[in-house]
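Data block below; observations after.
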Amino acid sequence: MTQSIQHTVHIDLADRSYPIHIGAGLLAQSALYQSLPKAQSALIVSNTTVAPLYAASLQQVLQEKYAQVFTVVLPDGEAYKNWQTLNLIFDALLAQACDRKTVLFALGGGVVGDMTGFAAASYMRGVPFVQVPTTLLSQVDSSVGGKTGINHPAGKNMVGAFYQPRMVLCDLDVLQTLPERELSAGLAEVIKYGPIADSAFLLWLEQNMEALRARAPDALAHAIRRSCEIKAWVVGQDEREAGLRAILNFGHTFGHAIEAGLGYGEWLHGEAVGCGMVMAARLSQLLGLVDEALVQRLQTLVQRAGLPVRGPLLAERDNAGRYLELMRLDKKSEAGEIKFVLIDGCGKACVRAAPEACVRQVIDACCAV
Ligand code: NAD
Ligand code: GLY
């Protein structure tokens, strides 16, 4: 059983601690599921793209543990990360008379994972759930750390809960079917960990970007492991984002404005974050926190990952004003003041406000004309 686990990273949160297993073929390893709570039933939550690829394997292995295994298939896409789709999970749980011990399995990318986690947090006031992330982005970020939720038309991830999974299974094999564009989007969240926490990892990424884009298993395993280790280190100290955890949102303040401004799903989350990181790095440089060379290094790496580095125009007149309006909705904002995650020397981040004139200058310089 353990042969194909390449790494296990632990999230240490007292009685809410759990393992993240990383390796090839994990999804079908029945022994991995034995430590989960006993229950009569399990519900696999997936979507129209992932379910046909992997739900049967997961169903088969779960049937060894649970008497009843149900599946609910959601529509695919960020545009469906909303109340209506969330309700489909509750409908399925209630239709199958699932009880408060039923275990939910999120089989999909971040959209499925965030919604399944939120459903698990609220069904009968909380049932156990497991993350089986199938995108690179969800393996390195969204499945880890317990942020769950849905979007509101007025802002991204505005409704949700902190709710930790019992286990995360990062199966490297499933990444082979991921579309190229989605792989690149995942690489944005991998790159993020370098400038905010680990300059050696940034260097490793510069040396291994081709291998990652070619999906070399060893390169993927290392990138996922290091990303999860950094995330575990942050979440272990600040589960509910009282302070430190905000650094994981590097690039997200600009990125969320791009996603909301264009309409969810137009740019992928990772694409918006990739471009947002370049903008945040430029802002850091303007404020004297990093030099031009680091901004250039990051921009080149984001570009090599296959991601956009110039922001879209969100308004014909006063584009910067539209970005600012959208960024004020960011959850880090306090009393309308936007807080940015900035790089304070390579491998270190800080969270602070910035003069509006500087933010406007960055947006004007970084957006397509
Ligand atoms: P996604 O869930 O939309 O998945 C991307 C696409 O890939 C989808 O079409 C999906 O069906 C398809 N797909 C998934 N796995 C596949 C596979 N193995 N083979 C083929 N196709 C596959 O997007 P994502 O990038 O995984 O996640 C983005 C979401 O994650 C956003 O909603 C974002 O807000 C959220 N997020 C949450 C956190 C968190 O901490 N909770 C962190 C980062 C991002
Ligand atoms: N993706 C940001 C966080 O988990 O805090």
Cβ-Cβ under 8 Å pairs, at least 6 apart or on other chains, segment 134-149 side basic (Lys, Arg), far side more than 6 Å from ligand 1 (Cβ to nearest atom) = LYS147/GLY117; LYS147/GLY160; LYS147/PHE162
Among (1) under 17 Å from LEU169 (Cα atoms); (2) open to solvent by 20 Å² or more (accessible area, probe 1.4 Å); (3) in contact with a helix residue (DSSP H, G or I) (Cβ under 8 Å, 6 or more places away or on another chain) - the single one LEU58 does not satisfy = (2)
Residue by residue through segment 225-279, note down the ones that are away from ligand 1 (no atom under 14 Å from the Cβ) and in contact with a helix residue (DSSP H, G or I) (Cβ under 6 Å, 6 or more places away or on another chain).
-> ARG226, GLN237, LEU244, PHE254, GLY261, VAL278, MET279
Out of all the residues in segment 117-130, which are open to solvent by 10 Å² or more (accessible area, probe 1.4 Å) and either part of a strand (DSSP E or B) or in contact (Cβ under 8 Å) with a residue 60 or more places away in the chain (or both)?
-> PRO128
Which numbered condition SER17 misses (of (1) surrounded by fewer than 17 Cβ atoms within 10 Å (Cβ to Cβ); (2) farther than 30 Å from ASP238 by Cα; (3) hydroxyl-bearing (Ser, Thr, Tyr)) = (2)
Residues of segment 316-349 being part of a helix (DSSP H, G or I) and in contact with a Cys (Cβ under 9 Å, 6 or more places away or on another chain), which ones?
-> ASN319, ALA320, TYR323
Can you tell me how many residues in segment 350-369 are touching a Cys at 6+ places or on another chain (Cβ under 9 Å) and surrounded by fewer than 16 Cβ atoms within 10 Å (Cβ to Cβ)?
-> 0
Test: residue in segment 92-112 that is within 16 Å of ligand 2 (Cβ to nearest atom), in contact with a Phe, Trp or Tyr (Cβ under 6 Å, 6 or more places away or on another chain), open to solvent by less than 40 Å² (accessible area, probe 1.4 Å) and free of Cβ contacts under 8 Å to residues at least 60 places away in the same chain | no
For PHE162, state whether it is open to solvent by 10 Å² or more (accessible area, probe 1.4 Å), of a type outside the set (Lys, Arg) and touching a Leu at 6+ places or on another chain (Cβ under 7 Å).
-> no
Considering each residue of segment 201-225, count those that are surrounded by fewer than 18 Cβ atoms within 10 Å (Cβ to Cβ), in contact (Cβ under 8 Å) with a residue 24 or more places away in the chain and closer than 21 Å to VAL9 by Cβ, and give that number.
-> 3
Which one of these does ALA39 not meet: (1) over 26 Å from ALA232 (Cα atoms); (2) touching a residue at least 60 places away in the same chain (Cβ under 8 Å); (3) assigned to a helix (DSSP H, G or I); (4) open to solvent by less than 50 Å² (accessible area, probe 1.4 Å)?
-> (3)
Per the filter on segment 131-178, residues assigned to a loop (DSSP other than H, G, I, E, B) and near ligand 1 (Cβ under 6 Å from one of its atoms) are THR134, THR135, GLY145, LEU178
Inside segment 255-285, can you point out the residues that are more than 16 Å from ligand 2 (Cβ to nearest atom) and open to solvent by 20 Å² or more (accessible area, probe 1.4 Å)?
-> ALA260, GLY261, LEU262, GLY263, TYR264, GLY265, GLU266, TRP267, ARG282, GLN285
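The values are calculated or read from the model by the stated rules, or taken from the named source; none is laboratory data. From a predicted model like this one, the values you see are computed outputs, not experimental measurements. Positions of Cβ are generated from backbone atoms using ideal geometry, with glycine treated the same way; all protein chains shown enter the neighbour counts. Areas reflect the complete protein model, heavy atoms only, side chains present, ligands, DNA and RNA absent. Shrake-Rupley method; radii C 1.70, N 1.55, O 1.52, S 1.80 Å.
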